[in-house]
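Worksheet for the structure shown next.
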Amino acid sequence: MNKKLGIMEIEPLVRDRYIQEEFSIIGKRGIARMCGKEKASGRAEYTRDVKLPGMLYCRILSSPYAHARIKSINTEKAEALPGVRAVLRYDDPELQGKELFGLETKFNAGHLATDGQAFYHGKEELAVTLEQWKQGAGRILDGVAWWEGHPVGAAVAADTPELAEEALTLIEVEWEELPLVLNPLDALKPGAPLAAPEINSKNNIIRKLKIEHGDVEKGFKEADKVIKFDARRRPYTVAEAEPISDVILWRGDNVEIWAHQQQAYDGKMLFALKMGLPLNKIKLHVPYQGSQFGGGGNPMMHHTHGVHMISGILSKRLGRPIKTFYDRRDTFYNLSQDADCHTSFKVGFNNDGTITAVKIDNICAKMGQYGIDHFEENTRIPNLALNYLEAQINVAPAYWFRCEQNHNALCLSLVFEHVAAELGMDPTIVALKNDGVEGKDMEYLSKFKKEHGFPDRDSLRECIELGKKAIDWDNKWHKPGTKVLPNGKLHGIGFTWTHEWDDTRGVACAGVLMHCDGTVDILSQKSDDGLNAMTTHCQIVAEEMGLKLEDVNFRMFEEVGFQMMTPDGSCNLAVDAYVTRNAARKAKQKLLEYATTPIKLIDIEYPPAFPNNYPDDLDVKDSIVFLKSDPSKNVPVAEVVKRATLNQGGTRAPLFTWSWHRQGRYGTEKGRHRMCRQAYFAEVEVDPGTGGVEVKKIVNVNDVGKAISPETCEGQQYGGDYMGTGRALAEEVIYDPKTGVRLNANLLDYKVWTMRDIDTTVNLLVETGMGYGAYGLNGIGECIATVVPGVIGAAIYNAIGEWVDDHPMTPDKVLKAISKAKAKRGGLR
Amino acid sequence: MKRFKHYDACTLDEAVSLLKEFDGKANIIAGGTDIVGLFKDNVFAESPEALINIKTIPGLDYVQEEEDMLKIGPLALLEDLAHNKLLKSNYTALAEAARRTASPHIREMGTIGGNICQFSRCWYYRLPNNRFNCIRKGGKDCFAEEGENRYHSIFGNVKDCLAVHPSDTAPALIALEAKVKTTKRVIEMADFYQTEDAKKFSILDSDEILIEIQIPRPSESTKSKFEKFAIRKSIDFPIVNCASKVEFEGDKVKKANICLNAVFVTPYVPKKAEEYLEGKALELDTVETAAQLALQDAKPLSKNEYKIEIAKSLIKKTLLACK
């Protein structure tokens, strides 16, 4: 038989073409968060809280040096301490082969571009071979430390956390200190010390990348003006509330894992791979997550994979549950993906504000961001070029958290702000002049929207108009460095823009199960990452099934056979909402079939709740099934399902449906245009005496496509404002320049912004329905924290009249800019 | 955290006798907001063997004006001082300094005694597990000199230490010409911080306890003001702070007291600026000159020159606010 092989198509442009206009639960305000009481009362259980009978506590030794090799190690004294149950040394045979190599790290697309998962379509060159590529975080208890705090050498399991800690101090290590390099620019100089010779023994280059669209040289020639400037973003970190931990219990042939991870299921897969276990022998629990902002997401890092391996080996060996945990300082070991970025810009533009060419030369510490993505996705700029170089240095590894677009968003902000400033133009006009997509203009985008069934709205224009009103832009915007307030401070106001980074791809599945009392459980496991997923999915299911919200519940902590997207806490609703919605629609259909279909049992026929009707004659509202033509004829949902089980279903759930959904591919995809935009405005006061910057007001306007839960969206906006302002003004991991030791790895010296540090935030939502998610939603939360540093930079420039393009914009740098302005203009008035 | 003994003292005598018994190897604990952190992080090469809790001694948290003097018990909470009406009106700089110390939670725990007796906040000194065994801990080096010194002294070192004194209330007390009463003596607050023994931060002997702060009542023609510059409003030690007290005679300055902190190893009194102001009206150019004089001797490190501008700005602000 000659069978033709089929192709399984993935429709990247899948979207809701028929969005209903009215909802009763979706989009409503005043709906209490279902996890609110638990969290606010301290009753919510986090991985850190998990206690099992007989559980042991495990601590890992960390390197006091930024680059060192263990010459010898003596663990005898630690082993002899009463209460110590095991010491796992780096030379233990069971550790061999547990680290992650090459393609095994594919979950982290930011590291590798070789397996089709990578998010970039440009030409990428790894400076090391795949086999050499072994990210530091993928190693477990190595004998070499690549950064201060690197978990190396040994792990100790003991009866109490204190004993485990004490045992670490009894381990005698003879270290060989190795030369180190802390800055990517220094790392690339000839003769620089090799930061990780185990990866690259020739130099410190990890990756090189070149991207070019159009012809930038031609673009510069055609421009009325060409400017050059440099910027830097110093390393910052997650500073998450819940320090890292896991619990693993090896019981017979089965394993249970309690994970503090965003991609916990991927972590389980790696655990299974390395332990040689089938996936069905491992049961995963994902308790509440203490605001990790995605920092616990990457399943191949030491704090995820490494910790699992150590707990797993020790639990198997001792037959007892093991909790491996980091302390607060350990938890500061990780950095944002754009760890330390040095960027040079060359920009050509015309006098009307049209940008003709942008060239970016970017040197980043390991796992940086390119900087050009948002120009491609957001603008009509025809000529773009990027030279990207990634260097290995002896500081902690970087990975994503809220979000990997930090550098991309900052580069977009800086270019637009500098162009507007050079021209003396209102920056909102410059933004609108260049808004577009993949080098094409708004006319093209408008055609695309119409062809693909999207509403044709001008998202950026709508966002700008709303934001301008909210901050009183037309009255407050002024020429840079020209407004001194009665209190002697310099007034500044700024604007920037971008789109929600459209990471709306992925796979998810969920089940909807109705009990015989008519209440519903959503069945799926997901990490509590992002805001309020629990309530949001209940809103979707209640809306679609016509149930009261309180009749739907979602406890997402246990493994129930279905998994939702949890790599991206902030965008995952764009994928996940499809599965709860589709499963709920199927469930409703089934419910109405139950309501109209008699049941024949041998020779007796039991009538349904609506014996003479078809499903289409009925609808459901407030958990009551009713006849559309005569709503007075109605039966509670509970009664309908009870009849379907012949009143015998006390122990069985009578109704179950499920749904699976896949859309798009990871990250930037040509032709899958981004249509929802965001506008940001900030107002600051700069003290010319101290360089202190007070953020008086931030206005965010986010086109979220459709807000299922407006307050949740606003929660992302509030949180993003504080996080973004901290990054703009203070957040920086500070290293001792001689030793590479982190000096501020605590929540006092590492300065996270708090609710007392900003005066006002105004959070506005635009809903154009132009997202790829269910109901036209687009997601929120990836940007905001990512974009706010750019808008605060613009406001500071407007106050002083000089740029502070070195983030964070601390008082020393602000004072320098002020004295530069004074020197140029002889004063600030 | 290393294990230690913990005693609840019932009387000052008992506390002193316990200190004597441990012969330099015990510490007093009151609010604990500073010392517990030191213990948890194993900051010292050798952690003290015992903590002696004086919060169990009754009657040490008073704030009362007697005759011409305000008396404050060492256990008075920072939060209480911040909201004390008498302080706010007559000893403004101190109330303001207490209000700007730390965060609301810490002010509810932390005491005035603890705030002026606190240990250094230098990040090399504080790094867990005694990672940098600096001069203050019996080592030989100051790691800030060629290291990350953005928050360190701009007036040079003492015994090679460049760590600044971090208290917010100390400069207010010095500007207000307070005295400190201990179990052994009464001394000027301005002399409370010593530079002889690198391991100590105040003059207190190992068996000596601070028992009262005494502030002379300012005349009716006196005003005081405190300003602090820190990265965040919510919490943070000062990058620079400043307290000024000005006594007027007509519209002229009869006497000016200025104290900066977080700029030097101990609170820093710019004598030249104080002297310059005497007999002058507090005009813009006068305070400008005073600020210049105050920072004349500054010798910033590689990364902290900016603190000079901030210090000048705070001096000007506090002086002008006293007008």
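The values are calculated or read from the model by the stated rules, or taken from the named source; none is laboratory data. Everything quoted here is computed from the prediction, not taken from an experiment. Don't worry about glycine lacking a Cβ; one is built from the backbone with ideal geometry, like all the others, and counts go over all protein chains shown.
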- Message: Go through the stretch A:431-443 and report how many residues are touching a residue at least 12 places away in the same chain (Cβ under 8 Å) and part of a helix (DSSP H, G or I).
- Response: 5
- Number of positions in the stretch A:160-199 that are charged (D, E, K, R), farther than 23 Å from A:ALA391 by Cβ and surrounded by fewer than 16 Cβ atoms within 10 Å (Cβ to Cβ): 4
- Qualifying position, being outside any loop (DSSP other than H, G, I, E, B) and outside the structural domain of A:GLY149 (by TED's automatic domain parsing), among A:ALA745, A:ALA785, A:ALA794: A:ALA794
- Query: So, in the stretch A:772-819, of the ones that are of a type in the set (Val, Ile, Thr) and over 24 Å from A:GLY488 (Cα atoms), which residue ends up modelled with the lowest pLDDT?
  - Reply: A:ILE780
- Message: For the stretch B:124-136: of the residues being more than 17 Å from A:ASP330 (Cβ to Cβ) and assigned to a helix (DSSP H, G or I), which is nearest to the other protein chains (Cβ to nearest Cβ)?
- Response: B:TYR124
- Quick one: in the stretch A:65-120, which of the residues that are assigned to a helix (DSSP H, G or I) and farther than 20 Å from A:VAL156 by Cβ is modelled with the highest pLDDT? A:GLU104
- Message: Of everything in the stretch B:175-202, what is within 24 Å of B:ALA144 (Cβ to Cβ) and either assigned by TED's automatic domain parsing to the domain that holds B:VAL43 or of a type in the set (A, V, I, L, M) (or both)? Give them in sequence order.
- Response: B:ALA198
- Members of the stretch B:149-170 that are away from chain A (no Cβ under 14 Å), in contact with a helix residue (DSSP H, G or I) (Cβ under 7 Å, 6 or more places away or on another chain) and either crowded, with 24+ Cβ neighbours inside 10 Å or under 21 Å from B:THR33 (Cα atoms) (or both): B:SER167, B:ASP168, B:THR169, B:ALA170
- Checking A:ASP759 against (1) among the charged types (D, E, K, R); (2) under 22 Å from the mean Cα position of the chain (by Cα); (3) modelled with pLDDT under 95, which single condition isn't satisfied? (2)
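Residue by residue, here is whether (1) under 27 Å from A:GLY295 (Cα atoms); (2) within 14 Å of chain B (Cβ to nearest Cβ); (3) touching a residue at least 12 places away in the same chain (Cβ under 8 Å) holds:
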residue	(1), (2), (3)
A:LEU765	yes, no, yes
A:GLY769	no, no, yes
A:GLU782	yes, no, yes
A:VAL788	yes, no, yes
A:TRP803	no, no, yes
A:ASP812	no, yes, yes
A:SER819	no, yes, no
A:LYS822	no, yes, no
A:GLY826	no, no, no
- Item | Counted residues, the stretch B:80-123 - those being without any contact (Cβ under 8 Å) to a residue 24 or more places away in the chain and either within 12 Å of chain A (Cβ to nearest Cβ) or under 24 Å from B:ILE57 (Cα atoms) (or both) | 4
- Message: Go through the stretch B:281-303 and report how many residues are assigned to a loop (DSSP other than H, G, I, E, B) and under 26 Å from B:GLU96 (Cα atoms).
- Response: 3
- Task: Considering only the stretch A:149-170, state which residues are within 14 Å of chain B (Cβ to nearest Cβ) and assigned to a loop (DSSP other than H, G, I, E, B).
- Result: A:GLY149, A:THR160, A:LEU170
- Note on the structure: Considering the stretch B:286-311, residues that are of a type in the set (D, E, K, R) and touching a residue at least 24 places away in the same chain (Cβ under 8 Å), and then whichever is farthest from the other protein chains (Cβ to nearest Cβ), we arrive at B:ASP297
- Query: Within the stretch B:137-148, can you find the residues that are within 10 Å of chain A (Cβ to nearest Cβ) and surrounded by 23 or more Cβ atoms within 10 Å (Cβ to Cβ)?
  - Reply: B:PHE143, B:ALA144, B:GLY147
- Query: Out of curiosity, is A:ASN394 of a type in the set (S, T, N, Q), touching a Gly at 6+ places or on another chain (Cβ under 8 Å), under 30 Å from A:ALA164 (Cβ atoms) and modelled with pLDDT under 90?
  - Reply: no
- Is there any pair with a first residue in the stretch A:196-216 that is under 27 Å from A:PRO382 (Cβ atoms) and a second that is among the small types (Gly, Ala, Ser) and surrounded by fewer than 20 Cβ atoms within 10 Å (Cβ to Cβ) whose Cβ atoms are under 8 Å apart and which are 6 or more apart or on different chains, and what are they? A:ARG207/A:ALA127; A:LYS208/A:ALA127; A:LEU209/A:GLY122; A:LYS210/A:GLY122; A:ILE211/A:GLY122; A:HIS213/A:GLY439; A:GLY214/A:GLY439
- Does B:ALA273 satisfy being among the small types (Gly, Ala, Ser) and either within 23 Å of A:ASP812 (Cβ to Cβ) or within 18 Å of the chain's Cα centre (by Cα) (or both)? no
- Inspect the stretch A:621-636 for any residue being in a loop (DSSP other than H, G, I, E, B), buried (at least 19 other Cβ atoms within 10 Å of the Cβ) and either in contact (Cβ under 8 Å) with a residue 24 or more places away in the chain or in contact with a helix residue (DSSP H, G or I) (Cβ under 7 Å, 6 or more places away or on another chain) (or both) and give the result as yes or no. yes
- Looking at the stretch A:691-705, which of the residues that are out of contact with any Lys or Arg (no Cβ under 8 Å at 6 or more places or on another chain) and surrounded by fewer than 24 Cβ atoms within 10 Å (Cβ to Cβ) is nearest to B:TYR306 (Cα to Cα)? A:GLY692
- Message: Taking the criterion of being away from every other protein chain (no Cβ under 14 Å), surrounded by 24 or more Cβ atoms within 10 Å (Cβ to Cβ) and out of contact with any strand residue (DSSP E or B) (no Cβ under 7 Å at 6 or more places or on another chain), would at least one residue in the stretch A:733-754 satisfy it?
- Response: no
- Task: Just name the residue that is nearest to A:GLY481 (Cα to Cα) out of those in the stretch A:386-424 that are under 24 Å from the mean Cα position of the chain (by Cα) and of a type in the set (S, T, N, Q).
- Result: A:SER413
- Task: With respect to B:LYS245, determine if the residue is within 13 Å of another protein chain (Cβ to nearest Cβ), at pLDDT 95 or above and part of a strand (DSSP E or B).
- Result: no
